[in-house]
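To keep things clear, I will list the structure first and then write my remarks on it.
The values are calculated or read from the model by the stated rules, or taken from the named source; none is laboratory data. Fair warning: this is a prediction, and the values are worked out from it, not measured in the lab. Cβ placement follows ideal geometry from the backbone for every residue including glycine, while neighbour counts extend to all protein chains displayed. The accessibility values were calculated without ligands, DNA or RNA, using every heavy atom of the protein model including side chains. Shrake-Rupley method; radii C 1.70, N 1.55, O 1.52, S 1.80 Å.
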Amino acid sequence: MLTLYDYLPSQNAYKVRLLLNHLATPYRTKLVSIFEGEGQSDDYLALNPTGAVPTIELDDGRTLAESNAILTFLAEGTRYLPVDPYNRATVLQWLFFEADYVQSSIATLRLWVQTGKDQHRGAELIAHKRAASMRALAVLDRALVRTDFLGGTDYTIADISVFAYVHRADEANLPLSRFANVTRWIEAVRRQARFLDQVHPFTVDPHSHREIVHTVDEDAAAVGENQSVR
Ligand SMILES: N[C@@H](CCC(=O)N[C@@H](CS)C(=O)NCC(=O)O)C(=O)O
């Protein structure tokens, strides 16, 4: 049986849970307490070189990291990943957009706001993340003018991936309702068969206020230098 290395408040992990729910695929969960440093243990770094969640482990022991790579692997041969090369590349376009533009803006800002880390980040950095988040939402709103879903007429892993953080943008103090096409699309995602309506707030983890110290940090004491990462 598939194993998902998970951290419940992680929306990157939620993407994988959502697809597994759509596919009705059974799996077991192993929780990784990322803010207590479990992701940086040698054992976990052997499974996922970044030390982050999600990671999946297959029956034969092979592992895969990066939420969007996991979605692509699990969706192969299903309705959630097109076969046609152009349609498939369009899905990839939005997976790359999510990893590049959404994770670094909306996801990061939401984490900081929800765990109180925004208090230690400085106004300029917060303003930068907010501007980048607004740009990402505007890009999505433009893209969704003519199509129901990001990949075109069908709901795919592109929607699953982008939905994970975008539908929680108000938790980053972003005015989500101002983006009418995004709002309509969020409702369309929610109407999909076997949609997983599940969000775990960071308050379930008493350690979530902590900074993650990565093993390569040159000076773990210099939190001011490292804190802009996540
Ligand atoms: N690009 C990665 C990001 C994964 C990520 O940042 N996961 C967070 C939880 S949402 C994490 O585990 N952070 C701990 C760390 O970065 O060490 C993905 O899409 O899977």
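Quick check: is even one residue across region 14-23 within 17 Å of I212 (Cβ to Cβ) and open to solvent by 10 Å² or more (accessible area, probe 1.4 Å)?
Of region 14-23, the ones within 17 Å of I212 (Cβ to Cβ) are none.
Checked region 14-23: no residue is within 17 Å of I212 (Cβ to Cβ) and open to solvent by 10 Å² or more (accessible area, probe 1.4 Å).
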Qualifying residue in region 39-46 (condition: in contact (Cβ under 8 Å) with a residue 12 or more places away in the chain and within 9 Å of the ligand (Cβ to nearest atom)): yes
Count - residues of region 133-151 that are in a helix (DSSP H, G or I) and open to solvent by less than 20 Å² (accessible area, probe 1.4 Å): 4
Region 77-99, residues that are among the β-branched types (V, I, T) and either in a helix (DSSP H, G or I) or loosely packed, with under 11 Cβ neighbours inside 10 Å (or both): V83, T90, V91
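Yes or no: T78 more than 26 Å from F179 (Cβ to Cβ) and either more than 16 Å from the ligand (Cβ to nearest atom) or at pLDDT below 95 (or both)?
Working: more than 26 Å from F179 (Cβ to Cβ): yes; either more than 16 Å from the ligand (Cβ to nearest atom) or at pLDDT below 95 (or both): yes.
Yes: the conditions hold for T78.
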